[in-house]
1. So B:Phe76 ticks every box in (1) modelled with pLDDT under 85; (2) within 30 Å of B:Ala224 (Cα to Cα) but one. Which box is left unticked?
2. When only residues in the range A:105-120 that are modelled with pLDDT of 80 or more and not charged (D, E, K, R) count, which is surrounded by the most Cβ atoms within 10 Å (Cβ to Cβ)?
3. Name the single residue that is farthest from A:Leu177 (Cα to Cα) among those in the range A:126-150 being free of Cβ contacts under 8 Å to residues at least 40 places away in the same chain and among the aliphatic types (A, V, I, L, M).
4. Scan the range B:34-59 and report the pairs whose first residue is closer than 25 Å to B:Asn232 by Cα and whose second residue is assigned to a helix (DSSP H, G or I) and among the polar types (S, T, N, Q), with Cβ atoms within less than 6 Å and a gap of 6+ or a chain change.
5. For A:Arg154, indicate whether it is under 21 Å from the mean Cα position of the chain (by Cα), under 21 Å from A:Asn186 (Cα atoms), within 14 Å of chain B (Cβ to nearest Cβ) and among the basic types (Lys, Arg).
6. Among the residues of the range A:25-56, write down those that are touching a residue at least 24 places away in the same chain (Cβ under 8 Å), of a type outside the set (A, V, I, L, M), over 18 Å from A:Val231 (Cβ atoms) and assigned to a strand (DSSP E or B).
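The values are calculated or read from the model by the stated rules, or taken from the named source; none is laboratory data. This structure is a prediction, so every number in the text was calculated from the model and none was measured. Note that we place each Cβ from the backbone using ideal geometry, even for glycine, and neighbour counts take in every protein chain shown.
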Amino acid sequence: MGLDLSAAGVTPKAAVLKRASVRFGQFTAIEDLSLEIEAGAFYSVLGPSGCGKSTLLRLVSDLVPAASGSVEVLGKTVEEARLAREFAFVFQDATLLPWRSALKNVELPLEIGKSRGIRLPTGGRTPRELLELVGLKGREDALPHELSGGMRQRVAIARALVCQPRILLMDEPFGALDEITRDHLNLQLLNIWQETGVTVLFVTHSIPEAVFLGQKVLMLKARPGRLKEVVDIDLPYPRLIRDRESPEFIRYASRLRDILEQC
Amino acid sequence: MAVIDRAADSAADPQLAAIRRERFLKAALPICTGIALLLAWEFGVRIFKVPPFIAPAPSDVAMVFVNQWPLLASNFWPTFYESVLGFIAGNTIAIMLAVAFVHSRTAERAFFPIAVFINTIPVLAMAPILVLIFGAGLTAKVVIAALICFFPTLVNMVRGLQSVSPQSLELARILSASKSEVFWKIRLPSSLPFLFSALKIAATTCVIGAIVGEWVGADKGLGALILDSTFNFRSAVLYATVFLSSGLSVLMFALVSLSERLIVRW
């Protein structure tokens, strides 16, 4: 988690945005956003709808270009980082290819770009081991339509991890799931984060989810999308579901709600 | 535990039996209706003494299948070849054009209106022109069968290739996939359900195309036999030929459906 370096006064950055703006035609989705994402940290991204949460992830992952300002990912341009598979994206719906089995879906990133010399990782977990990690051992050959929504999302997470990314961008990945499945996947995600040391940017609509997962919560405000505040969540890990009833947790949640109301 | 298991089993059994009964009824009902209609037809013809050249009894038609099978068979195969070749040619061209359309808006703008125009010409009006161009041989019929298959496949294939979700394309972009990787790994498989619904239409229409082609000019084939038996008042042969034509369509449709079930498993 880069603790040695921070002692020397340098905290390694996963991403650095300098006065970055994103425009879609006349519409400004993000304006003058300056932000440093610390490597290895878990960030929740929270804000009213239309505040550019998804756009922020798409800006970092080279899906939308910055109209002005600059974005660096691990000291490289976003394009270099994309070609080096430094980041992976988990979408709101699992976006699995319906004709491929769970295992084949996880293997997809390893098949693409092989012939063009795109860096593909070696020595990490195999697709089979990743499916086991997300609790889908025995369902390798199932087609997506044979899996539940939660299982499909877990396949998507396994697929995101297959290239050993250093940044995991998650756009409301559990938004469409029921609460029990969501709690379960939240815990699993924290385990994966602690084990791999990956930097996570996790967009959510849910204040409790944001507090439960994040070390820091990026609060964005809408029209145009700007950074409102970064809130540190000083709750120890491992976090348990029942911690959400603790007074500290509730204090954080109500504080975030207050900030959100001003956005 | 064992008691519960047995209870669950006996609970499942009547359910299974009910499903089986329903499945049987589903298959049996149309068959029974068909048999009843044939019987009504048979007795209707006999009771009202309908002259055989106006409408033959089903038993007469059945006799044609037994006694004149070589005649039917020798006319079946040419139509079969024309239909299959037309099916392959028309769909191949439609698929290739759809791929071109999806990759180039210019190609779509240039050729799509022409494809629509060709599709609006009634096949009966187009057939004589094609027979004049290609002669009375096999080629004209294959071209007519191909033309009739072409349009539904083109439209469906274009839609299929464009049916990829924006998120899938974002995924491809994040993986830095090349255009050809997107095509082979995402677009083409996505289009298969659309393609097969078009192929199922084409499977039956290509037979119509071949028969219409034979009406305009042929001495062999089911279309030629239909005309010949009509003009000679051999109505039993006419009916048998009509049934055989429909049988050819059903066969083509079944083959396409079977391959769909083997290929599109999601």
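1. (1)
2. Applying the filter and picking the extreme gives A:Val106.
3. If we take residues in the range A:126-150 being free of Cβ contacts under 8 Å to residues at least 40 places away in the same chain and among the aliphatic types (A, V, I, L, M), then A:Leu130 is farthest from A:Leu177 (Cα to Cα).
4. Once the first residue is closer than 25 Å to B:Asn232 by Cα and sits in the range B:34-59, its partners that are assigned to a helix (DSSP H, G or I) and among the polar types (S, T, N, Q) give B:Phe53/B:Ser235; B:Pro56/B:Ser235.
5. So A:Arg154 does not fit the description; no.
6. Result: A:Thr28, A:Glu31, A:Asp32.
Here is a yes/no grid of residues against (1) of a type outside the set (A, V, I, L, M, F, W, C); (2) in contact with a Cys (Cβ under 7 Å, 6 or more places away or on another chain); (3) modelled with pLDDT under 95; (4) under 22 Å from B:Gly90 (Cα atoms):
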| residue | (1), (2), (3), (4) |
| --- | --- |
| B:Ser180 | yes, no, yes, no |
| B:Leu195 | no, no, no, yes |
| B:Leu199 | no, no, no, yes |
| B:Gly213 | yes, no, yes, yes |
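Residues are listed down the side, and each one gets a yes or a no for (1) assigned to a helix (DSSP H, G or I); (2) among the polar types (S, T, N, Q); (3) farther than 24 Å from B:Pro113 by Cβ; (4) within 19 Å of the chain's Cα centre (by Cα):
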| site | (1), (2), (3), (4) |
| --- | --- |
| B:Ala145 | yes, no, no, yes |
| B:Asn156 | yes, yes, no, yes |
| B:Ser176 | no, yes, yes, no |
| B:Ser180 | yes, yes, yes, no |
| B:Lys185 | yes, no, yes, no |
| B:Pro189 | yes, no, yes, no |
| B:Phe194 | yes, no, no, yes |
| B:Ala198 | yes, no, no, yes |
